Amino acid sequence: MTKMKKMVVLQLGRWHESPFHHIEVDSINFMKDLKGQKHLKYLSLRGISRITELPPSIAQLVNLQILDLKACHNLETLPVEIALLKKLTHLDASQCYLLESMPKGIEKLSELQVLKGFVVGNSNKSPRISDLAELKKLKRLSIHIGSEAVIQDEDFESLKYLEKVKCLKISWGVSSNSRYTDIVTTLPPRLEKLDLECFPQKKIIISIVHTSELRKLYIKGGKLKILTPFYKFFKVEILRLKYLNDMEVNPKYLPQIFPSLKYAEGKQVSKQSFEWPISVEDQVIKG
């Protein structure tokens, strides 16, 4: 690679999701050869095992726009030097389950349009959700809240400033702690898709924010019990519910909660599964 000085795209990781294709490295020494790649715009390490960290020399990839680290399951930390990649538009660190926090300064990557796998940890020194308000160009965002993280209302309040975000996913780590009981969630104003995973509350509490463009609502796992008929959800057309053992819902009443509903799918919701297209009068309920 040292001889290929004008390389623009480098795909080292997996290019599909099949678990049968395993890629493993002995160390991160191979990345030292990348520091001279001044023209590199796309770098994928997706799914490569035994990468525990990225070297500080990553900062020398001055033209890098896309960095794909998805499913690097051994990745434990990101270097603070990643904040020097000023042209970065896409950063995917989702499914990096050993990451406990984000490096300081990541909120200064002002060109970011896609940020997946933003981890909120329990350290006061790591970036918070509220810091993301600086990323004015964000269109897609996924956040993972660690099991030991402490979240305040003002953290979610800052999401209202992300005016270009259309897709938002928030997942919570498994915890028996009840500190999230009364958290109020604020949504980006132009949000079209909301995906909640392991939601820790019994009901969704959303502050008064204009979210009339919300079309898709996905909820998977967690303690959610009640689907309250918020007017903010009135444009939801597609609803997917999965693994919600505590939820009290009757599929035939879903149009009362979501008047624009066209399709609803439930899997293991209160011990039942259902599929409900709005165009069919009788819902299909599977025991």
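The values are calculated or read from the model by the stated rules, or taken from the named source; none is laboratory data. The structure presented is a predicted model; accordingly, all values stated were derived computationally and were not measured. Cβ coordinates were reconstructed from backbone atoms using ideal geometry, including for glycine residues, and neighbour counts include every protein chain displayed.
Here are the numbers for the structure shown:
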{"item": "Number of positions in segment 63-82 that are polar (S, T, N, Q) and within 16 Å of I106 (Cα to Cα)", "result": "2"}
{"item": "Where a residue in segment 157-170 is closer than 21 Å to G221 by Cβ and its partner, wherever it lies, is crowded, with 21+ Cβ neighbours inside 10 Å and among the basic types (K, R), with Cβ under 9 Å and at least six apart", "result": "K169/K116"}
{"item": "Every pair of residues 6+ apart whose Cβ atoms lie under 8 Å, when the first sits in segment 59-85 and is at positive phi while the second is part of a loop (DSSP other than H, G, I, E, B) and not charged (D, E, K, R)", "result": "A71/G47; A71/S94; A71/Q95; A71/C96"}
{"item": "Candidate set from segment 38-78 (those that are of a type in the set (D, E, K, R) and surrounded by fewer than 16 Cβ atoms within 10 Å (Cβ to Cβ)); member that is nearest to the chain's Cα centre (by Cα)", "result": "E76"}
{"item": "Residue match in segment 241-263 (condition: modelled with pLDDT of 90 or more, among the aliphatic types (A, V, I, L, M), at negative phi and touching an Asp or Glu at 6+ places or on another chain (Cβ under 8 Å))", "result": "yes"}
{"item": "Segment 75-104, residues that are of a type in the set (A, V, I, L, M) and either farther than 19 Å from K169 by Cβ or in a loop (DSSP other than H, G, I, E, B) (or both)", "result": "L75, L78, V80, I82, A83, L84, L85, L88, A93, L98, L99, M102"}
{"item": "For S147: the one exception among (1) under 21 Å from P200 (Cβ atoms); (2) at pLDDT 95 or above", "result": "(2)"}
{"item": "Checklist (1) closer than 27 Å to L141 by Cβ; (2) surrounded by 14 or more Cβ atoms within 10 Å (Cβ to Cβ) applied to V25, failing item", "result": "(1)"}
{"item": "Segment 79-111, subset under 19 Å from V62 (Cα atoms) and within 14 Å of the chain's Cα centre (by Cα), residue surrounded by the fewest Cβ atoms within 10 Å (Cβ to Cβ)", "result": "H90"}
{"item": "Residue in segment 65-81 that is more than 23 Å from L141 (Cα to Cα) and either touching a helix residue (DSSP H, G or I) at 6+ places or on another chain (Cβ under 7 Å) or not hydrophobic (A, V, I, L, M, F, W, C) (or both) present", "result": "no"}
{"item": "Residues of segment 112-127 that turn out to be over 18 Å from the mean Cα position of the chain (by Cα) and among the basic types (K, R), as a count", "result": "1"}
